[in-house]
Structures are given as structure tokens and as C-alpha cells.
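Everything on this sheet refers to the single structure shown next.
The values are calculated or read from the model by the stated rules, or taken from the named source; none is laboratory data. What you see is a predicted model; the values in this text were computed from it and never measured. In this analysis, Cβ positions are derived from the backbone assuming ideal geometry, glycine residues included, and neighbour counts consider all displayed protein chains.
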Amino acid sequence: MKANCLTRALDQWNENREEYRLYYNSNHVISIEKSYEDIVLDVMDGYGLPEYLPLKDFGLYYFWGSFSLAPKYIILLTEYLETE
């Protein structure tokens with residue numbers, strides 16, 4: 001499986017689960033350090049950039065189908081969603 005924005009964000013979150021939150025805008029997944037998330041999201045909104053929403057707003061089955069996730073990433077995504 002080729003890496004994509006979701007798998008990279010999940011890997012980053014898995015390296016430091018307490019530090020990152022993941023967001024999606026129907027096109028791209030990003031990871032943001034928790035200490036900066038309000039600032040980053042406000043700045044992006046101020047520039048009229050697409051709205052990024054928490055992954056929980058989309059759910060496991062959305063990402064599973066859209067990103068053709070390998071079993072490792074289905075597990076990581078499930079674990080991540082349980083923390084949101």
C-alpha cells in the first residue's frame with residue numbers, strides 16, 4: 001500500500017498520541033499539535049481555506065472506503081477515533 005496523507009497522519013499520531021489531533025477537509029488529512037490547533041484552525045479559516053473537521057465527523061467507514069486502508073491503519077484509525 002502506498003502512503004497517503006491519512007496513513008502519514010496516523011503514523012505521526014501513533015508516534016506521540018498525546019500530542020496530535022487529526023483533521024480532514026474532504027480532500028486532505030492533516031495532523032496538528034494540540035497546543036496549536038485553535039490557532040492553526042483560526043488562521044486557516046481567516047484565509048478562507050477549506051474547513052478542516054475532526055475525523056470523528058466522518059467516521060471509520062468513510063476513511064476505510066475512501067483510502068483503501070491496510071489492516072494496520074484500520075486498527076490505528078479505530079484507536080484514534082476512540083480517543084476523540
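Looking only at residues in the range 34-59 that are aliphatic (A, V, I, L, M) and closer than 18 Å to residue 8 by Cβ, which one is nearest to the chain's Cα centre (by Cα)?
Residues of the range 34-59 that are aliphatic (A, V, I, L, M), as a first pass: 39-41, 43-44, 49, 53, 55.
Restricting the remaining residues to those that are closer than 18 Å to residue 8 by Cβ gives 40, 55.
Details: 40: 14, 55: 6 Å.
Among those that are aliphatic (A, V, I, L, M) and closer than 18 Å to residue 8 by Cβ, it is 55.
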Practice prompt. Give the number of residues within the range 13-59 that are farther than 17 Å from residue 78 by Cβ and in a helix (DSSP H, G or I).
Written response: 14
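Can you tell which of 68, 31 is hydroxyl-bearing (Ser, Thr, Tyr) and under 11 Å from the mean Cα position of the chain (by Cα)? Steps first, please.
Numbers: 68 fails: under 11 Å from the mean Cα position of the chain (by Cα).
Residue meeting the stated conditions: 31.
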Worksheet item: Restricting attention to the range 9-38, and to residues there that are closer than 21 Å to residue 69 by Cβ and charged (D, E, K, R), which single residue is surrounded by the most Cβ atoms within 10 Å (Cβ to Cβ)?
Response: 21
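For the range 44-57, what are the residues that are surrounded by fewer than 16 Cβ atoms within 10 Å (Cβ to Cβ) and over 13 Å from residue 6 (Cα atoms)? Working first, answer last.
Filtering the range 44-57 for residues surrounded by fewer than 16 Cβ atoms within 10 Å (Cβ to Cβ) gives 45-51, 53-54, 56-57.
Across the range 44-57, the qualifying residues are 45, 46, 47, 48, 49, 50, 51, 53, 56, 57.
Mind telling me which of the residues 60, 69, 6, 41 ends up being modelled with pLDDT of 95 or more and surrounded by 14 or more Cβ atoms within 10 Å (Cβ to Cβ)? Full working, then the answer.
Details: 60 fails: modelled with pLDDT of 95 or more; 69 fails: modelled with pLDDT of 95 or more; 41 fails: modelled with pLDDT of 95 or more.
Criteria check complete, one pass: 6.
Just checking, which of 24, 73, 52 is in contact with a Leu (Cβ under 9 Å, 6 or more places away or on another chain), aromatic (Phe, Trp, Tyr) and touching a residue at least 60 places away in the same chain (Cβ under 8 Å)?
Working: 24 fails: touching a residue at least 60 places away in the same chain (Cβ under 8 Å); 52 fails: touching a residue at least 60 places away in the same chain (Cβ under 8 Å).
The conditions single out 73.
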